[in-house]
Every structure is written in structure tokens, then in C-alpha cells.
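Contents: one structure, followed by commentary.
The values are calculated or read from the model by the stated rules, or taken from the named source; none is laboratory data. Remember, predicted model here, so these are calculated numbers, not experimental data. So basically every Cβ, Gly included, is an ideal-geometry build from the backbone, and we count neighbours across all protein chains shown.
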């Protein structure tokens, strides 16, 4: 393939995939966390407005909306991160809203409110720290989806631009000679699968570690 060192490109492509998985979640948290917290803590009017907007975003097919945003934003690899993040925040917003709704009626929140604490202080100091466990787990599970989305975009030619290596673009390049050199497609596909599986296992481990009900059940079994 044009005299390229495919092993070096495969290794370097890991940086692209890990970067898109990590930086996309920063965009997801920057949008989903405040929006979900506001929907859960503010009045029902704000809740209805914000959740209806979330439902509209959720109705669009993810990949189609990412392609549309990619065409609008254009440009560098950072625009790929932004396009994926602008689509993937919906589930986090819903999760944060549900956590805030369940926590804002807790006794310690009522006590803080009776002592004169303001709404933003209660939300930032008492509610959000106790809601972060499920959010961290959800974000960890979103990383494989972001990696797969980047690979799909690169495969169809609108993701990471050459000469920057990407596993998706490597699969697309090797697909034309798949019968003569199947390893050009096989190894990038295996790399995508292994990284996605690794983050899925990480999410399972974090869920077991951060869920007190699972820890309690494990203690009773022992």
C-alpha cells in the first residue's frame, strides 16, 4: 500500500481512536451534564422544554446526524470529535436528569435547603457529586461507540483525513485488495474490536466498583 509501514500506521492509529474516544466524552459531559442537571432540578416547565429538545435530538439517527454535522463543520480531526460529541450527549443528559430527580428529595438536600443554601450551591455541592457514579460508567460505555463512529466516518471518507492514520481509513484502503491481502483489513478490524471490548470491560468494572448495591450483594455472598 504505497510503500507504507502498515504496522506503524496500525499502532499510530490507536492514538487517533483513543483520542476520539476520550475527547468526545469531554464534549458529551460539557453538554449533557449541565443540561440534564438543569432539567432535573428546575421547574417542570424547564424540565419539559429541555427534555423535549433532548427527545428531538434523540429521534435523529446518530450516524446520519454526525455525517450532517461533519459536512457543516468540515476541517480538522477536532471537528470530528465535536461532531460525534454533539450527537452522543443525549443519553448522558437523560441519565443526569434521572439522578437529580431522585436525589433532590433526599434528606441532606432538604437540610441544606432549610439552612438557606442556594439552588446552584445545593446542585453543585450535594447533588452532582452523588450522581457522578452512574455518569462515569455511562461515559465509559460511550467511548466504544465514539471509536466505532470515527472508524465508520473514516471508512466512508469523511472522518480523519490522510495522511493521519485511522483504523477506519485503513480498512477502506485495504478493502480494494481484500482477497489478495486480507491482513490489510483484518488487523485494523481486530484492533477496533479489541479496543472497544477493553473499554466495555472497563465500564463493567467501574459499574461493579461504583454501585453500592452490587458491593453489598458481593459482601453478603462472602
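Structure above, values below:
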| item | result |
| --- | --- |
| Yes/no for residue 151 being surrounded by 15 or more Cβ atoms within 10 Å (Cβ to Cβ) and under 19 Å from the mean Cα position of the chain (by Cα) | yes |
| The listed residue being farther than 24 Å from residue 65 by Cβ and touching a helix residue (DSSP H, G or I) at 6+ places or on another chain (Cβ under 7 Å), out of 142, 132, 95, 103 | 103 |
| Selection count where residues are farther than 18 Å from residue 87 by Cβ, free of Cβ contacts under 8 Å to residues at least 40 places away in the same chain and touching a helix residue (DSSP H, G or I) at 6+ places or on another chain (Cβ under 9 Å), scope region 12-57 | 5 |
| Condition met for residue 156 (modelled with pLDDT of 85 or more and under 30 Å from residue 6 (Cβ atoms)) | no |
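Matching residues to (1) within 30 Å of residue 151 (Cβ to Cβ); (2) modelled with pLDDT of 85 or more:
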residue: 25; (1), (2): yes, yes
residue: 35; (1), (2): yes, yes
residue: 62; (1), (2): yes, no
residue: 122; (1), (2): no, no
